[in-house]
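To start, the structure itself, in structure tokens.
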Amino acid sequence: MKYTEHAHQKYSAEWDRMLSHSFITELAEGKLADEIFDFWALQDYIFVREAIRFFGILMAKLPREYQQPIQQSTAGLEHELKIFEEYGEKRGLDFAGAQPTPINDAYVNFLIATAYNEDRDANFVVLYTAEKAYHEAWKKVRAGLKPGTPYEGFINNWAGDDFANYVQWLDTELNKMVEGYPESRIAYLDDIFLKTVRYEHLFWEMAYGRLEWL
Ligand code: MP5
């Protein structure tokens with residue numbers, strides 16, 4: 001069995017709970033409060049901005065054949081920041097002054113710590129899992145909404161064909177990398193997969209509850 005199939009099977013309960021979070025279901029039903037979506041947008045802007053640093057550190061660990069695709073993904077993140085800025089302009093959001101919540105701070109620090117301290121495989125697990133989670137979440141949102149919503153830029157980005165191909169590429173590469181690894185090594189990668197799913201779940205919870213520092 002491919003590694004990604006194994007991980008999704010092992011953690012299907014956690015994955016399903018993450019994907020059925022009220023933030024996603026209410027957004028897909030067109031019922032999510034604007035203030036909650038705006039809170040998410042401010043926080044995810046920070047997340048994407050910090051993810052550019054994650055890609056930069058990861059790049060140093062990758063062999064030549066990964067450099068171009070990873071450069072393309074980094075360019076994709078710059079494009080995402082523009083989508084947020086366009087949305088923010090319409091809604092009067094102050095991205096420059098936004099500070100990360102504790103959960104966002106923890107997730108971003110997990111990304112950066114993984115980039116510095118862990119090897120290429122572990123980093124690919126984080127990257128694959130986070131990107132796959134967003135792709136699936138935004139496909140659910142797209143399936144529920146008609147075109148012309150204020151969320152269209154985000155939907156087209158994460159549910160679109162280019163992103164689908166990118167996630168498929170990550171899936172293929174990750175499975176190639178870890179093929180034939182011993183069980184102990186797979187168990188180590190599984191922990192990283194699970195932690196990433198849990199952070200993804202917490203991120204929706206954070207936005208939905210507008211969980212801030214006390
Ligand atoms: C992504 C994201 C997708 N923007 N935010 C979270 C919390 N998880 C995953 O990653 P990217 O790099 O924006 O495509």
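Okay, here's what the table says:
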read-out	value
Residue satisfying all of: in segment 55-75; within 15 Å of the ligand (Cβ to nearest atom) and farther than 21 Å from THR196 by Cα; most open to solvent (accessible area, probe 1.4 Å) among these	GLN72
Segment 140-162, residues that are aromatic (Phe, Trp, Tyr) and in contact (Cβ under 8 Å) with a residue 40 or more places away in the chain	TYR151, PHE154
One residue from ILE52, ILE46 being within 10 Å of the ligand (Cβ to nearest atom), closer than 21 Å to GLY153 by Cβ and in contact with a Pro (Cβ under 6 Å, 6 or more places away or on another chain)	ILE46
Helices (runs of 4 or more DSSP H) completely within segment 87-206 that count 2 or more residues being open to solvent by less than 40 Å² (accessible area, probe 1.4 Å), more than 14 Å from the ligand (Cβ to nearest atom) and under 24 Å from GLU26 (Cβ atoms)	none
Flag if GLN67 is part of a helix (DSSP H, G or I) and of a type in the set (S, T, N, Q)	yes
Test: residue in segment 25-38 that is farther than 11 Å from TYR208 by Cβ and without any contact (Cβ under 8 Å) to a residue 12 or more places away in the chain	yes
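The values are calculated or read from the model by the stated rules, or taken from the named source; none is laboratory data. Treat the numbers as computed from the prediction; the structure is a model and nothing was measured. Cβ atoms come from the backbone with ideal geometry, glycine included; neighbour counts cover every protein chain shown. Heavy atoms of the whole protein, side chains included, go into the accessibility calculation; ligands, DNA and RNA do not. Shrake-Rupley method; radii C 1.70, N 1.55, O 1.52, S 1.80 Å.
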